[in-house]
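The values are calculated or read from the model by the stated rules, or taken from the named source; none is laboratory data. This structure is a prediction, so every number in the text was calculated from the model and none was measured. A quick note on method: Cβ atoms are made from the backbone with ideal geometry, for glycine too, and the neighbour counts reach across all protein chains shown.
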Amino acid sequence: MLNDKKKKLGLLAAVIFLVLIACSWWYWRHMKPTSLPVDNQSTTKLDWDQTSFSRLTFFNTQPLRGSLLIPEHWEGKFRFREEGRRAVFYYLEKGKEVGKIFYLRLYLPEEKVAEGEEVIFVSPQQYRVTVRWFSAPKSVFSLKDFQQLSQEAKEVVSLFKANIK
């Protein structure tokens, strides 16, 4: 009799264990992936009439010179670095680079555009300028600030200017 109770108890434990495994599998299979929250309500557009800008030029040693109007309120929030034929914009937190916001890249006529880059300018001589956007790095403390700067950057890049030397 004691042996039958142990068998029934063991069988009950096995059934409960299998039910828990099945429920866990179903939960993980049907759970929607989570992502960082995006505050779509705070998508701000630059007020071009009320914002002060500085002009930033780059690719000065290349056959094509580029420039962007940078909002003055970005000061202290980004760092610009020209790396060969790339103009890289880094996001800053507490004065330290924590990740890239975007970069612009100059392609010579014979070069092929890399995957993941969007062409924003083509000169008559077939020089191309591309942009590549980056997601907020995991180390970003203020995701909202990064997202706002990134959103404004899309407007800034849309007004890219180029001069052929």
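Rundown of residues vs (1) modelled with pLDDT under 80; (2) assigned by TED's automatic domain parsing to the domain that holds residue 82; (3) exposed (fewer than 10 other Cβ atoms within 10 Å of the Cβ), yes/no style:
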position	(1), (2), (3)
11	no, no, no
14	no, no, no
20	yes, no, no
41	yes, no, yes
54	no, yes, no
61	no, yes, no
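Between 98, 88, 157, which is modelled with pLDDT of 95 or more and farther than 19 Å from residue 45 by Cα?
88
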Can you tell me which residues in the range 152-165 are surrounded by 15 or more Cβ atoms within 10 Å (Cβ to Cβ) and farther than 12 Å from residue 74 by Cβ? 157, 160, 162
When every residue in the range 84-110 that is under 12 Å from residue 132 (Cα atoms) and touching a helix residue (DSSP H, G or I) at 6+ places or on another chain (Cβ under 8 Å) is compared, the one surrounded by the fewest Cβ atoms within 10 Å (Cβ to Cβ) is 102
Inside the range 111-143, can you point out the residues that are surrounded by 12 or more Cβ atoms within 10 Å (Cβ to Cβ), basic (Lys, Arg) and out of contact with any Leu (no Cβ under 8 Å at 6 or more places or on another chain)? 132
